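Single-structure report; data block below.
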Amino acid sequence: MAQLCLVRRTMTRHLKRQHEIAVCNRLVKNLALPARFLREGNDRGEPDVIYSCENELLGIEVATAYYDDSQAEREWSLARGKIHAPKGSVIRIWSGENPDEKIFARIQREIQEKCCRTYTGVDRVWLCVSQQAALSGESHVVDASVERLLIPTAHGFERIYLHYQAPSHEGGEWHSIELKSADSR
């Protein structure tokens with residue numbers, strides 16, 4: 001039984017790392033950075049993913065914002081194969097009220113939590129908040145949220161990005177918006 005729990009934790013950690021690398025790779029691609037993936041960060045203070053970029057080590061910390069904990073749990077259960085979905089079926093991941101307000105609050109919370117931490121082992125540190133909110137990905141919704149977000153004035157990130165996928169009627173592409181504190185907008 002203990003061995004089975006260890007296997008599950010290892011699988012979950014591996015999926016989380018794959019997610020973080022995928023988010024960072026999309027960010028690097030969106031920004032057309034001359035960056036090369038080096039490795040995953042360690043869990044002792046380094047950012048999640050480390051790149052070589054212009055002769056420096058760039059570390060990117062990833063925060064993933066969901067509408068709420070139940071959505072996060074369902075998405076990760078689906079990724080781990082705990083929810084079986086026949087091919088072509090539709091799985092309800094989240095249903096609730098005020099999706100735009102919920103995701104805004106979660107993004108704000110992720111930013112506040114990450115900005116309280118310090119990171120080591122790299123020359124530059126960025127934060128990328130990945131929005132996992134299909135109902136709130138329209139550009140006007142994202143733009144309105146970005147204007148309201150409060151970025152702490154003191155934090156260790158050189159840059160902070162919001163990373164989201166536009167809905168199919170807006171092209172379905174992933175977008176990255178740099179977030180700035182109110183005094184530098």
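Rule-based calculations on the coordinates, nothing more; no lab input. This structure is a prediction, so every number in the text was calculated from the model and none was measured. Cβ: placed from backbone, ideal geometry, glycine included. Neighbour counts: every protein chain shown.
Whole-Hz ³J(HN,Hα) for each residue in the stretch 32-37, computed from phi via Karplus 6.51 cos²θ - 1.76 cosθ + 1.60 with θ = phi - 60°, x for glycine and proline: what do you get?
Going residue by residue, I get 6, 7, x, 10, 10, 4 Hz, with x marking Gly and Pro.
Please list, ordered by chain and number, the residues whose modelled amide H lies under 5 Å from the amide H of ILE160; skip anything fewer than 5 residues away on the same chain.
Excluding prolines and chain starts, which carry no amide H, the hits are LEU127, LEU179.
Output ³J(HN,Hα) for the stretch 97-106: one whole-Hz value per residue in order, computed from phi by the Karplus curve 6.51 cos²θ - 1.76 cosθ + 1.60 with θ = phi - 60°, and x for Gly and Pro.
Result, ordered by residue: 10, 6, x, 5, 5, 5, 5, 4, 4, 5 Hz.
Sort SER136, SER70 so that the residue with the fewest other Cβ atoms within 10 Å of its own Cβ comes first and the one with the most comes last.
Least crowded to most crowded, the residues run SER70, SER136.
Report, by chain and number, residues whose modeled amide H sits under 5 Å from the one on SER130, excluding near sequence neighbours (fewer than 5 apart, same chain).
For SER130, whose amide H was placed from the backbone, the distant partners under 5 Å are ALA63, THR64, ALA65, HIS163.
Could you tell me the calculated FRET efficiency between HIS84 and THR12, based on Cβ-Cβ distance and R0 = 25 angstrom, to the nearest 0.05?
Computed FRET efficiency for HIS84 and THR12 comes out at 0.90.
Treating cross-link reach as a plain straight distance, find the lysines whose alpha-carbon is under 22 Å from the alpha-carbon of LYS87, omitting any fewer than eight places away in the same chain.
List returned: none.
What percentages, rounded to whole numbers, describe P(r) for the stretch 106-185 computed over all alpha carbon pairs with 5 Å bin width beginning at zero?
Result returned by the calculation: 3, 14, 27, 23, 15, 11, 5, 2, 0.
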